[in-house]
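The values are calculated or read from the model by the stated rules, or taken from the named source; none is laboratory data. Here the structure is a predicted model, which means the values were calculated and not measured. Using ideal geometry, Cβ is built from the backbone for each residue, glycine included, and neighbour counts are taken over all protein chains shown. Just so you know, the surface numbers come from the protein's heavy atoms only, side chains and all, with ligands and any DNA or RNA stripped out. Shrake-Rupley method; radii C 1.70, N 1.55, O 1.52, S 1.80 Å.
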Amino acid sequence: MTEISLGNTSGALTSSNQAFHTQGTVDWVGLARSTLTTSVEILTRCSGAGVDAYTIAVAQALGTRFHLSASGHSNLAAALSGLQAYPSLSNALWFGFGLKSVVHVLGSTREGAGCLILCAALGESYSPHVAAEVMLEMTDSCEAPENMKPSISQWTALINAAAGTLASTAFPQHAEFLMNISSSTRQRIAVGGCSDPARLAKVLLALGEVSKGQLHSITVQGTMDSGWVAAVAMYFLGLSVQIVGKDGKQLFANFIVGEKEAQLVIVHGSTRHDGSLVLQGTEMLLGNATAVIQRITGTEDAARVSGRLPWEGLFSSGFGREFQRLLSPASTLGNAIGSAARIYAAIARAEPGIHPRWYPQCRTYCDSSYGIGFLHYITHQFPELEVLGKPMELALKRRGDIARFLRFYDTALHSLKKMCMCPLCCDSPDLDVMELHDMEYCLVVLTETIIRLARTLAGTEIHSGLTPSRAGLEQFYVKQFKLRENKDHGHEVVGEIGEIAFVLDMESGSWGERLPSSNPSLVWALQLFTGRRAMYPHHSSSAISAYGICAYLETLVTLSDEDESVGKVRIVPGYIELNDKRYSSLSDLFDVDLTVSGSSSLDWQLGGYNDPKVIVKQNSTGLGIAFSFERADRGSPRFLRVGPSELDALLTSRRGIVLCSHRSLIRHDVSVPPLWTISDERPGYKKLINKDHVCVEVFTLPTLAQRLVVLCRRHNFWKLQRIANDAESAMVYIAHECMNCVVQEVIASKQEHVIVIRAPHSRN
């Protein structure tokens, strides 16, 4: 009886007994009679990822059909060593790939390595639906008995477990380059190019035979994803690859033609639409099954095939010739971005000319999200936009109030409309009957895509080596296009502040889609790096993972009220992990939960509080989380619990409400403004009242825990009292604003009651 080894805890690449493998196929009878040898620890890892051990055993059998080259082993080892896990507060949760991840189990044997490259490469570029179908078809091609085939759901689980393994490597960029090697001047969104899973499975098995010397070479004719086949052949199998066009002209080769023969020849762009597979010797034809897959699944996502784009050529690679048009002349685009940066600064600083209702819409206050910092971020993160440096700064430094910069922005976009003249810019009556992929890229929408993308990423920390998905970049464009196309739904907003409305953080309202988080960047960034939409079970998410990428709020890692941390999002390959088990979402257990007893609520708020405890509970749709702030004096039953998503929303929406021109004046006391008196004072608290009975409560609290307790306590009070939304703006969380400016704002806004929360080092 054959013994099958499933992984090893040392992590070394070892070979298990291969008695059930015969040349060119799999000995399924021998596999059925084999025993599975593994440790309970390995089984626990598989269970935590939702993968059953038998599926891995079958996948390892398929993996032996491939011989990884020395460079392939090196590439896989580098990918595995680059996977990291990052802890939350108190190490309650982990984000990424833990050391006990199932991918490390697969990578610990040679058979598992062959399985891992298949699942990880498929999961990186294809939807789980198509990737799982390919694995299922491979078992069919190897003549597996029906009762020994893992189900499609089991294959999907394995694909999902391996997804993200290669996200930060060079593989997805190689795949994207080779898939679009004949489309360097792309002018519109790509459609099609997904092969039938059965044909793709046969091609992959044939590649395996070439890698093991059982076939001399193969020729594959196919559409876009034939380039993905070439990337697998080179990156993992070390094969010599040549790509030619339909006319026979060479497009690419990784060897000197004439000195050796190609082991894989790709005829790029050649297809047969009748769906048949032609197998003549070593020649294979891949058809285009995009329409069939979309019809069966009911979604375009399922048939989308995508790699990743490099930062240094993100927009030129993604938008081709239309992006080059946008840069000529650079002054128009620079004027638009520079004006937008100035408007973002006005909103962040609460400058006159912007209605206060827009202040809470600002979700990021880091230096790189507005003003000159925004422009510096753009030229650093997107090198191809360095040419805009001078035009952007000139636009930003022009004199004038915010109304003038709103006009500058509108003028720049009007110039782009005249340059573009696409159906959208011309308000063509044919727009309603045109498909988006039939239209060339709109220069106005492309400009807004660049601005919105930069604004989103400015408040995001991205894992080293991770770059955007080409499909994700296109989804950013589609999002902006649909906002423009449906602009009548937001005509009041556009009428009030102009064209800048299309690039403001307004998705939490009626202007755009309903999002599963109060922080739009959490969802937008995840879609950018996955290229796909995911199902979100909650609307108070602080972490989401899908397709091998995890997005989570900085609040989960570092609790801070500093501008650089509030609203920040982190993006890493991997998943949400609790006790070595994977989850796809992390949502608030509740908004604000209070337990109060004993003295007055004011004394309760001014008390000393410990750093929060992290409470995590499983539920039917994922994980729930809350921070519990408890009194430092033991035995007190008083505590406050709040979800991270709610806390992040409060910290971003309650700041940036007061315009202050005295930021250089640093004082530690709270002076009493003229015509105001102190009606109550105690350590950390002053209550100011003027002759009109306007009340300003000032909390000057030394610890972050105290400040957050007051913030959540007062917010909860307003919710319970059902006070109108405009009254909520009476709570101000300040770091740089002085009290005189806060009081002036109170008088101007005609608020009767204002809460001010500040640290001792805040400006007076």
Unsatisfied cross-links (Cα-Cα over 28 Å) in the set Lys482/Lys581; Lys568/Lys750; Lys202/Lys246; Lys149/Lys617; Lys568/Lys617; Lys202/Lys249
Lys482/Lys581; Lys568/Lys750; Lys149/Lys617
In straight Cα distance, which lysines are under 25 Å from Lys390, not counting same-chain residues fewer than 8 positions off?
Lys417, Lys418
Listed residues Met234, Met135 arranged by accessible area, highest first, probe 1.4 Å:
Met234, Met135
Using the beta-carbon distance between Glu461 and Thr44 and R0 = 30 Å, what value does 1/(1 + (r/R0)^6) give for FRET efficiency, to the nearest 0.05?
0.45
Under the Karplus relation with 6.51, -1.76 and 1.60 and θ = phi - 60°, whole-Hz ³J(HN,Hα) for segment 68-80, x at Gly and Pro, equal 6, 6, 4, 5, x, 4, 5, 5, 5, 4, 5, 4, 5
What nm distance separates the two modelled labels at Asp692 and Tyr86, each placed 7 Å from Cα along Cα→Cβ?
4.7 nm
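Given 0.36 nm per residue, what is the gain on full extension from Phe255 to Ala70 after removing their alpha carbon distance, in nm?
64.9 nm
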Any idea how far apart His539 and Asn619 come out in nm if each label point goes 7 Å out from Cα toward Cβ?
1.3 nm
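Rounded, prolate or oblate for segment 192-264? Axes are the square roots of the Cα gyration tensor eigenvalues, ordered a ≥ b ≥ c, and the cut-off for rounded is a/c under 1.5.
oblate
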Classify segment 349-472 from the C-alpha gyration tensor, please: rounded if a/c falls under 1.5, else prolate or oblate depending on whether a/b exceeds b/c.
oblate
Using a basic spin-label model with each label point 7 Å from the Cα along Cα→Cβ, how many nm lie between Thr411 and Met148?
7.5 nm
SASA check, Ile678, accessible area w/ 1.4 Å probe, all protein chains in place, rounded to nearest 10 Å², comes out at 70 Å²
Per 0.36 nm of contour for each residue apart, how much would the distance between Ser428 and Phe590 grow if the chain were fully extended, relative to their Cα-Cα spacing?
53.5 nm
Express in nm, to one decimal, how much length is gained between Lys397 and Glu485 on full extension, taking 0.36 nm for each residue of separation and deducting their alpha carbon distance.
28.5 nm
Please list Ser127, Ser518, Ser71, Ser464 from largest to smallest accessible area, probe radius 1.4 Å, with all protein chains kept in place.
Ser464, Ser71, Ser518, Ser127
Would you mind classifying segment 85-191 by shape? Square roots of the alpha carbon gyration tensor eigenvalues, ordered a ≥ b ≥ c; an a/c under 1.5 is rounded, otherwise it is prolate if a/b is larger than b/c and oblate if not.
oblate
Could you compute the FRET efficiency for Leu602 and Ser217, with r as their C-beta to C-beta distance and R0 at 60 Å, rounded to 0.05?
0.15
Residues of segment 678-706 with backbone nitrogen within less than 12 Å of a virtual label 7 Å along the Cα-to-Cβ line of Asn740, please, listed as ranges.
none
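Work out the FRET efficiency for Asp367 and Val292 from their Cβ-Cβ distance, taking R0 = 45 Å, and round it to the nearest 0.05.
Once rounded, the FRET efficiency stands at 0.35.
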Hey, can you grab everything whose amide H is under 5 Å from the amide H of Asn254? Only 5+ residues off in sequence or another chain; H modelled, so Pro and N-termini drop out.
Val241
Quick one: net charge around Val130, please, counting Lys, Arg +1 and Asp, Glu -1 for every other residue with C-beta under 11 Å from its C-beta.
-4
Whose amide H sits under 5 Å from the amide H of Gln221, counting only residues 5 or more places off or on another chain, with H placed in the peptide plane?
Val267, Met284, Leu285, Leu286
Heavy atoms only, probe 1.4 angstrom, no DNA, RNA or ligands counted: give me Glu448, Glu133, Glu283 ranked by accessible area, highest first.
Glu283, Glu133, Glu448
